[in-house]
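What follows is a short report on a single structure.
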Amino acid sequence: MIKCSGVTKGFDKKTVLNGITFDIAAGQIFGLLGPSGAGKTTLIKILTGQMAFDHGQVEILDKDVRRLTGRDNKQIGIMMDQFGIYERLSCADNLKIFADIYQIPHARVYEILDYVGLKDAVKKPASNLSKGMEARLRLARVFMHSPKIIFLDEPTSGLDPKSMRAIHMKKYPEKRSKMIWTKY
């Protein structure tokens, strides 16, 4: 499902990734661990086709990431730490935008908000959310279109321990928050 072979990436004269190689099969959960600045986010951007790499080969869904189409991208969910949220819109309205893009019924918005623990914040403007609630809204957006592969960059950053546990152990165990999740 994801193949990374000999990937190298540098910025200016500094090599950030050097010969990264791994395979992630369908149904696997794969974590990237390392200190801040180790290149984890850079690797996720490469794997999702958002950033070019210098050397190596990367395939996702049996396709070179440099040739991903809009149809391919609909099979991928991405939650980066700083993904934008429309602050003037309510939680529901934020998700309705993405529901419209992915042609998903608006009923799914309320289902997902309940799933991430934001059922009582449906009408609350995003600007009034706590950092943890904002993180849950970003996570809800990732789950909206039921992607085959989910990339989560620090998905529980800003969440209190109780919320973190709830996200990890929800009643849908196949959607636990890990860095890369691939569906069967």
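For residue 148, the aspartates and glutamates whose Cα comes closer than 17 Å to its Cα, not counting residues fewer than 8 places off in the same chain, are 23, 59, 62, 64, 72, 174.
Just so you know, the averaged projected area of the alpha carbon convex hull for the range 17-58 sits at 3.4 nm².
Each Cα pair under 8 Å and six or more residues apart adds its sequence gap; the mean of these over the residue count of the range 1-55 is a relative contact order of 37 percent.
Determine the alpha carbon to alpha carbon distance for each of 14/74; 96/119; 9/45; 13/45 and list only those over 22 Å. Intermediate results must be reported in sequence, preceding the final value.
Numbers: 14/74 33 Å; 96/119 15 Å; 9/45 11 Å; 13/45 20 Å.
Long pairs (Cα-Cα over 22 Å): 14/74.
For residue 65, the solvent-accessible surface computed with a 1.4 Å probe is close to 10 Å², ligands and nucleic acids excluded. Under 15 Å from a label point set 7 Å out along the Cα-to-Cβ vector of residue 14, the amide N atoms of the range 36-54 belong to 36-43.
Between residue 28 and residue 75, what length comes free when the chain is fully extended (0.36 nm per residue of separation minus the Cα-Cα distance, one decimal in nm)?
That works out to 15.3 nm of additional length.
The values are calculated or read from the model by the stated rules, or taken from the named source; none is laboratory data. All figures in this text were calculated on a predicted structure; none of them were measured in a lab. Because the Cβ atoms are built from the backbone with ideal geometry, glycine has one as well, and the counts that use them run over all protein chains shown. Please note that ligands, DNA and RNA were not included when accessible areas were found on the heavy atoms of the full protein model with its side chains. Shrake-Rupley method; radii C 1.70, N 1.55, O 1.52, S 1.80 Å.
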